[in-house]
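Heads up, the thing below is written out as structure tokens.
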Amino acid sequence: MRDKLRVGFVGAGAIARGSHMPGWLRLEDCEIVALCDVSEKANAASAEVAKVGKQHLYSDYEKMLAAEDLDIVDVCTPNAYHAAPTIAALEAGCHVIVEKPVAASADEVRAMIAARDRSQKLLCVVQNMRFSNEAIAAKRFVEQGGIGRPYWAKAEYLRARGVPAWGAFIVRELSTGGPCYDIGVHVLDLALHLMGFPEPVTVSANTWLEISDKPSVMAHDPKRYTVPEELAVGFVRFANGACVSVGASWALNAPGNQNQVAIYGTEGGVQMWPFTLVREEYGMLLNCTPQVIGDGGAGGHSEEIARFVNAIQTGGTAPVPPEQALITQRILDGIYASAEAGEEVEV
């Protein structure tokens with residue numbers, strides 16, 4: 001293996017510049033050497049951050065993969081365009097890390113996993129909420145029996161007035177889904193991660209679009225709003241008898257944002273915000289506010305990228321393997337399917 005792993009980006013927009021590139025730039029054994037985006041402006045802005053020369057900027061990822069000697073490709077395109085460049089990069093012999101949601105359907109995820117298997121490279125999905133110091137500590141608490149057997153989880157990411165006014169988020173042909181895919185995936189993944197990714201069986205859900213396609217106090221253009229929902233709510237049953245309640249919104253007539261991941265078990269519970277551990281001890285119910293010391297790392301995207309690189313170098317497994325992302329995607333797809341059918345669906 002060479003001294004520095006060579007990284008290329010497919011998608012050079014805000015998420016690449018603001019969240020991914022800092023993680024790569026802090027690693028001495030990696031270098032960003034090429035960028036690809038259909039927007040010259042995005043390429044130029046990201047090239048300045050990553051110090052990439054103009055001769056290494058592309059608008060066609062196939063040309064980038066053919067011209068550049070890459071070890072890793074970081075895919076930061078809109079949701080509808082995750083699968084194709086991921087598969088192409090794997091087929092070109094590159095390890096791949098791809099933004100959430102991993103794809104626009106479970107079938108696309110299966111195709112990505114098949115390409116991973118053929119290439120024998122690593123495929124990792126960005127789920128940065130897992131890698132905060134609190135989330136790492138919560139996972140350790142659960143794994144070591146702190147809550148006993150988890151049987152119910154709550155995963156909510158509810159914005160009162162938070163429709164994105166930038167990028168491709170609200171355009172259906174680019175993003176496929178609305179807040180269910182964009183922010184619901186974060187809290188659902190974290191809940192499933194803490195629960196140990198039980199096998200989902202059914203989903204019952206509904207979606208609503210009541211506010212975001214009309215003029216409001218929000219900054220986005222309501223005429224551009226073509227994703228199917230602004231609020232998605234679902235209830236998921238698992239094969240082991242556990243359940244999770246899911247809610248995601250960009251617009252809701254609530255007094256403010258309401259974000260929470262909580263896991264309830266036979267011996268205790270975990271609430272993420274504020275980080276609280278619950279157990280029955282000494283004849284009382286104790287709510288513990290942990291002091292998270294020594295979990296280290298950079299947190300978020302940077303921590304996941306560092307762990308991904310370490311897995312490549314040591315022959316380990318991806319920190320967020322696509323098999324787990326497939327379970328998450330099946331549930332997200334099931335939320336839309338149930339809402340459309342008006343009844344519970346199998347996933």
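Derivation of every value follows stated rules applied to the coordinates shown; laboratory data play no part. Quick caveat, the model's predicted, so the values are computed rather than measured. Backbone-built Cβ (ideal geometry, glycine too); neighbour counts: all protein chains shown.
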Check your understanding: If you find the alpha carbon centre of the stretch 294-313 and of the stretch 314-336, how far apart are they in angstrom?
Key -> 18
**Study point:** Extended-chain gain in nm, criterion 0.36 nm per residue less alpha-carbon gap, GLU340 and ALA67
**Key:** 93.8 nm
**Study point:** the chain: Lys pairs at Cα distance under 25 angstrom, eight or more positions apart or on different chains
**Key:** 18
Practice item. Could you let me know the centre-to-centre spacing of the stretch 179-208 and the stretch 83-144, using Cα atoms, in angstrom? Key: 16
Check your understanding: Using the 10 angstrom Cβ neighbour count as an exposure proxy, how do CYS243, CYS76 rank, fewest first?
Key -> CYS243, CYS76
Exercise for review: Collect residues whose amide H, placed 1.01 Å from N in the peptide plane, falls under 5 Å from the amide H of VAL126; neighbours closer than 5 in sequence don't count.
Suggested key: VAL98, GLU99, LYS100
Review point. When the helix-only estimate is applied to the chain (DSSP H runs of n ≥ 4, each -39,500 (n - 2.57), divided by the residue count), what is the mean residue ellipticity at 222 nm, nearest 500 deg cm²/dmol?
Key: -9500 deg cm²/dmol
Exercise for review: Under a 10 Å cutoff between Cα atoms, tell me which one of SER119, SER216, SER46 has the largest fluctuation in the Gaussian network model of the chain.
Suggested key: SER216
Check your understanding: Rounded to the nearest 5, what % of the DSSP beta bridges within the chain are antiparallel ones?
Key -> 60
Check your understanding: At GLN144 and GLU323, where each label point lies 7 Å from the Cα along Cα→Cβ, what is the point-to-point distance in nanometres?
Key -> 2.6
Check your understanding: In vacuo Debye scattering of the stretch 253-327, one point per C-alpha: log10 I(q)/I(0) at q = 0.13, 0.18 Å⁻¹?
Key -> -0.69, -1.00
Review point. Counting alpha carbon pairs within less than 8 Å and at least 6 residues apart, what relative contact order, in whole percent, applies to the stretch 1-87?
Key: 37
Check your understanding: What is the order of LEU231, LEU5, fewest Cβ neighbours within 10 Å to most?
Key -> LEU5, LEU231
Exercise for review: Please report how far the C-alpha centroid of the stretch 237-276 lies from that of the stretch 147-161, rounded to the nearest whole angstrom.
Suggested key: 1
Study note, to complete from the structure: For the stretch 39-50, in residue order, the Karplus 3J(HN,Hα) values (coefficients 6.51, -1.76, 1.60; θ = phi - 60°; whole Hz; Gly and Pro = x) are 9, 4, 4, 5, 4, 5, 5, 6, 4, 5, 5, 8
**Study point:** Shape metrics for the stretch 145-225, restricted to C-alpha atoms - Rg then Dmax, Å
**Key:** 16.0, 50
**Study point:** Cα-based equivalent ellipsoid of the stretch 1-129: semi-axis lengths in Å, sorted from largest, via gyration tensor
**Key:** 21, 16, 14
**Study point:** Percentage relative contact order, the chain, counting C-alpha pairs under 8 Å, at least six apart
**Key:** 20
**Study point:** Dipole in debye (nearest 20) - the chain, about Cα centre, beta carbon charges: Lys, Arg +1; Asp, Glu -1
**Key:** 460
Check your understanding: What residue among ARG118, ARG130, ARG149 has the largest mean-square fluctuation in a Gaussian network model of the chain, using Cα springs under 10 Å?
Key -> ARG118
Check your understanding: Computed FRET efficiency, Cβ-Cβ of ASP117 and GLU48, R0 56 Å: what is it to the nearest 0.05?
Key -> 0.90
Check your understanding: About its Cα centre, how strong a charge dipole does the stretch 191-347 have in debye, to the nearest 20, once Lys and Arg get +1 and Asp and Glu get -1 at the Cβ?
Key -> 300
Review point. Most fluctuating residue of HIS186, HIS220, HIS301 in a GNM of the chain with Cα springs under 10 Å: which is it?
Key: HIS220
Exercise for review: Could you pull out every residue, at least 5 positions away or on a different chain, whose amide H is within less than 5 Å of the one on CYS30? Hs are placed 1.01 Å off N in the peptide plane, and Pro or chain starts have none.
Suggested key: LEU5
Practice item. Quick one: compute a quarter of the convex hull surface over the Cα atoms of the stretch 214-347 and quote it in nm². Key: 13.6
Exercise for review: For VAL73, enumerate residues with amide H under 5 Å from its amide H, sequence gap 5+ or separate chain, H modeled in the peptide plane.
Suggested key: GLY8, HIS95, VAL96, ILE97
Exercise for review: Provide the per-residue ³J(HN,Hα) series for the stretch 4-13, in order, calculated from phi with Karplus coefficients 6.51, -1.76, 1.60 and θ = phi - 60°, each as a whole number of Hz, with x at glycine and proline positions.
Suggested key: 10, 6, 8, 10, x, 9, 10, x, 10, x
Practice item. Kindly rank 286-293, 139-146, 37-44 from highest to lowest mean number of other beta carbons found within 10 Å of each residue. Key: 37-44, 139-146, 286-293
Check your understanding: Between SER216 and ASN287, what is the label-to-label distance in nm when each label sits 7 Å out along the Cα-to-Cβ direction?
Key -> 3.1
Exercise for review: Report P(r) for the stretch 73-181: all Cα-Cα distances, bin width 5 Å, range 0 to the bin holding the largest distance, values in whole percent.
Suggested key: 2, 11, 16, 16, 16, 15, 14, 8, 2
Exercise for review: Step through the residues of the stretch 191-203 one at a time and calculate ³J(HN,Hα) from phi using the Karplus curve (6.51 cos²θ - 1.76 cosθ + 1.60, θ = phi - 60°), rounding each to whole Hz and writing x for Gly and Pro.
Suggested key: 4, 5, 4, 6, 7, x, 6, x, 7, x, 10, 9, 9
